[in-house]
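Here the structure is laid out as structure tokens; the discussion comes afterwards.
The values are calculated or read from the model by the stated rules, or taken from the named source; none is laboratory data. In this text the structure is predicted, and so the values were computed from the model without any measurement. Every residue, glycine among them, receives a Cβ derived from its backbone with ideal geometry; neighbour counts consider all protein chains shown. Heads up: the accessible areas ignore ligands, DNA and RNA and are worked out on the full protein's heavy atoms, side chains in. Shrake-Rupley method; radii C 1.70, N 1.55, O 1.52, S 1.80 Å.
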Amino acid sequence: MRGSFSRVVRRQAVKACLTAMLLGAMLVPARAWAAEPLRLCADPANLPFSSDQAAKPGLYVEIGRAIAAALGRPSETVWSLSYFGKRNLRETLLAGQCDIAVGLPDEADFMGPRVIFTKPILSLGYALLVPPKTPVLRLDDLAGRRVAVQFGSPPQSLLATRNDITGVTALSPEEAVQSIAAGKADAAFIWGPSAGYLNQSQLQGAWQVIPVSGPGMQWRAAIGLSRKQPALRDAVDAVLPGLSGTITTLAAAYGFPAGEPIKVGSAAAPGAVVLTTEDQPPPVAPSDAQSPDPKMVAEGKELFNGTCAHCHGPDAVVSERRINLRLLKHRYNDEMDQVFLFTVTHGRPAKGMPNWTGIFSEDDFTRILAFLKTIQQD
Ligand code: HEC
């Protein structure tokens with residue numbers, strides 16, 4: 001009895017020992033992986049985003065470090081100049097030189113399927129930099145002023161459509177702020193993170209930085225990885241919700257614009273809208289069987305005329321058939337809703353249709369669709 005008992009015990013002990021050895025063999029590489037530094041791809045001279053200055057590493061480096069810490073891994077920064085954008089990413093991120101690139105635009109077609117993304121971490125965009133104590137609630141509040149814009153930027157195109165605001169062209173956000181200092185401009189309409197950073201570093205943080213939304217004005221930044229790293233991407237996605245407070249605090253510390261954005265579409269288009277509403281009274285009879293909520297339709301129309309009308313025509317009256325949104329029903333029939341929602345949330349970047357995710361809410365899209373349904377033609 002005893003003998004067999006101890007034999008059993010011994011056998012069990014041997015088994016446990018073997019199991020432990022096997023587990024140990026399996027755990028070693030896993031532990032080594034966990035301890036490996038998370039390598040951040042970053043530009044050494046791109047404040048407020050990243051910098052090799054120890055005292056001020058930049059928002060993206062700090063976010064990368066917070067992610068590494070949340071994953072229980074040390075971090076390491078792999079520096080490379082980002083001037084060449086995609087070429088730089090091909091040679092670093094995609095060549096396996098570093099693991100994550102914080103702050104890439106959250107667009108599936110950014111670099112094709114070779115780059116995969118986490119969930120968005122931040123909304124970035126253009127902003128107004130205006131003197132203290134100047135109330136600015138809409139673009140019209142800048143009427144009569146000289147506003148510095150960067151050459152070739154969406155704000156420059158937008159101001160070109162207004163004869164009440166003088167655009168002062170600059171080659172960089174720094175130059176825009178210099179033209180203010182030199183008395184050549186009263187305000188600037190520039191890339192928001194730069195506006196916030198220059199306000200902190202050159203204007204003692206005394207100016208107001210007001211984010212702006214509208215066509216081409218805002219987009220979302222995510223973290224990019226090589227498609228060979230789906231497990232790391234999922235691991236990062238899993239820790240991001242817990243870091244959202246940290247990210248907001250860090251963004252504020254680097255002066256990134258926060259708060260409710262001014263919608264420029266609604267300020268830029270009224271002239272055009274009034275004209276067409278005059279010669280085109282809004283259709284009363286809905287083309288749809290369900291009667292739409294008139295309030296929703298009116299709100300949808302306002303949103304549409306504020307933003308979409310720039311390309312699709314006020315009240316969706318436009319001569320070019322290809323972009324005529326009065327033909328959605330005719331074109332897609334029962335799939336109209338689906339095509340609409342997919343197109344507004346993905347855009348058709350190659351064709352010039354922006355992605356409106358993050359600029360409009362789902363409710364806004366529903367309202368715009370409700371409006372469009374009232375004006376469909378056969
Ligand atoms: C900068 C110009 C521009 C703006 C602003 C714009 N669009 Fe478009 N949109 C386009 C272009 C160009 C196309 C046509 C793409 C193509 O040829 O497939 C398009 C296509 C579309 C389509 C698909 C049409 C079809 O028949 O397949 C929808 C729906 C649409 N836009 C909705 C909107 C809405 C809603 C807004 C406002 C929130 C908007 N667009 C703002 C340029 C724009």
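Assorted remarks:
- With protein chains left intact and a 1.4 Å probe, residues in region 190-230 average 37 Å² of accessible area per residue.
- Per-peptide average of other Cβ atoms within 10 Å, ordering 95-102, 356-363 highest first: 95-102, 356-363
- Solvent exposure ordering (accessible area, 1.4 Å, most first) of Tyr254, Tyr332: Tyr332, Tyr254
- P(r) of region 53-114 over all Cα-Cα pairs, binned every 10 Å from zero, in whole percent: 19, 50, 29, 2
- Rounded, prolate or oblate (a/c below 1.5 giving rounded, otherwise prolate when a/b exceeds b/c) for region 141-184 by Cα gyration tensor: oblate
- Length gained when the stretch Arg348-Glu320 is fully extended (0.36 nm per residue, less Cα-Cα span): 8.4 nm
- Positive end of the dipole of region 36-192 (Cβ unit charges, origin at the Cα centre): among Leu159, Pro74, Ala42, the Cα lying farthest that way belongs to Leu159.
- Sequence-distant lysines (8 or more away, or on other chains) whose Cα lies within less than 18 Å of Lys329: Lys301, Lys373
- For region 125-214: rounded, prolate or oblate by the Cα gyration tensor [a/c cutoff 1.5]: rounded
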